[in-house]
Amino acid sequence: MIVIVKPDATAAQLEQLLGRIRELGLTPMVSQGAERTVVGLIGDERLVSDGVLESLPAVEQVMPILKPYKLVSREFKKTDSIVEVRGIPFGGPEIQVIAGPCSVETAEQMRKAAEAVRAAGCRLMRGGAFKPRTSPYTFQGVGDEGLDFFREAADAYDLPIVTELMDVRKIDVFLEKKVDVIQIGTRNMQNFDLLKEVGRLNVPVILKRGMSATIKEWLMAAEYIAAHGNHRIIFAERGIRTFETQYRNVLDVTAIPVLKKETHLPVIVDPSHAGGKAALVAPLAKAAIAAGADGLLIESHPCPEEAWCDADQALSPEQLTQLMGELRRVAEAIGRTL
């Protein structure tokens, strides 16, 4: 259930509304847009009898939300939400590209990677200090020291950092290192305890789609984060598992417009993990932009053939620069910028 607040409602009237909602045993979640303020009700809506809220002076309309996901739905907020990362917007006319290596390896590797990311025109940098791998015998990441390598390299080029959180016990370290965007990877999309904890943070979250997750399951995972207070959520499509074995994953381009219809939150795409080969990254990235994606996650490495993780899908600095030029033309063709 959501409550549409009158445009001329006073602060005192709004507080009266929020107090009444709490008295009924529900939690109010306020979303303030440019033209309208909307209040979502979290809890057992059966506690709200007909007319109990409509009579309050702040209330214009009370509407039931039929979707099981409330706060992330279009019914809760009709206009697109902009998630800002140090002033860089996700959503709206400007498309963002996050580039960098799959994994943090050394301080020198990260310095070279950051230099290439900035030179290509990307505004954020990605890199994994902790790596979830299918085999327990493959490289698992450098760990805490890797965050130091990453932070130092990115700061030298004024790049906000995006890195994956796998364990709630590392949250304090992530906050100490001032990680700009926390990524929840595909294997943790339904790690509900982890989702609840990042929901309590005031840090943007990229939520990757589970490799076999439906759109509804993905939206419900985001609802866990939003229900605990953090509405700074960015969806990331990274390909799903099907019967096809010719390439790594199947990029679900259809998910982009479907999500745009279902949620007000921004949607980005990871073409690197979808294709699994460097040659596939450019066409998949272009398709994602053409379909309406708000950004891209692209793997790049100073020397891809020497990468410790996912070497086949990493772009070289030269390939990344070339791709950025091609993506700008695609963005311009659909009336957006990059």
Problem set entry | 20 °C / 1.002 mPa s Stokes-Einstein diffusion coefficient of the stretch 2-63, Kirkwood radius on C-alpha pairs, µm²/s | 187
Problem set entry | 3J(HN,Hα) from dihedral phi, the stretch 100-111, Karplus parametrisation 6.51/-1.76/1.60, rounded to Hz, x for glycine, proline | x, x, 4, 10, 6, 10, 9, 4, 5, 4, 6, 5
Seminar exercise, completed: For the chain, percent of DSSP beta bridges that are antiparallel (nearest 5) comes out at 40
Seminar exercise, completed: By the mean-Cβ-within-10 Å protection proxy, highest first, 65-77, 20-32 rank as 65-77, 20-32
Problem set entry | Charged-residue dipole, Cβ positions (Lys, Arg, Asp, Glu), the stretch 229-338 about Cα centre, Debye nearest 20 | 460
Problem set entry | Members of 78/196; 70/277; 112/178; 112/261; 78/112 lying beyond 31 Å, as alpha-carbon distances in this model show | 70/277; 112/261; 78/112
For this session: Only Cα pairs under 8 Å and at least 6 apart count here; give the relative contact order of the stretch 175-252 as a rounded whole percent.
Result: 29
Exercise. Dipole of the stretch 83-333 (Lys/Arg Cβ +1, Asp/Glu Cβ -1, origin at the Cα centre): which of 191, 116, 309 lies farthest to the positive side?
Worked result: 191
Exercise. Any idea what the relative contact order of the chain is, in percent, if you count C-alpha pairs under 8 Å spaced at least 6 apart?
Worked result: 16
Problem set entry | Dipole magnitude (debye, nearest 20) for the chain, charges at Cβ of Lys, Arg, Asp, Glu | 560
Seminar exercise, completed: If the chain between residue 217 and residue 172 were fully extended at 0.36 nm per residue, the gain over the current Cα-Cα distance would be 13.4 nm
Problem set entry | Length-normalised contact order of the stretch 1-115 in % [C-alpha pairs under 8 Å, at least 6 apart] | 26
For this session: Rounded to whole Hz and in sequence order, give me ³J(HN,Hα) for the stretch 55-67 from the Karplus expression 6.51 cos²θ - 1.76 cosθ + 1.60, θ = phi - 60°, writing x for Gly and Pro.
Result: 6, 6, x, 7, 8, 8, 7, 10, 10, x, 9, 8, 6
For this session: Take every Cα-Cα pair in the chain and report what % of them are more than 32 Å apart.
Result: 31
For this session: Quick one: angle between helix 278-290 and the longest Cα principal axis of the chain, in degrees between 0 and 90, rounded to 10, please.
Result: 30
Exercise. So for 122, 303, fewest C-beta neighbours within 10 Å to most, what's the order?
Worked result: 303, 122
For this session: Please compute the Cα-Cα pair-distance distribution of the stretch 194-257 with 10 Å bins starting at 0, giving whole percents from short to long.
Result: 22, 45, 25, 8, 0
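Bear in mind that the values in this text are calculations on the coordinates, not laboratory data. Fair warning: this is a prediction, and the values are worked out from it, not measured in the lab. Note: ideal-geometry Cβ built from the backbone for every residue, glycine included; neighbour counts use all protein chains shown.
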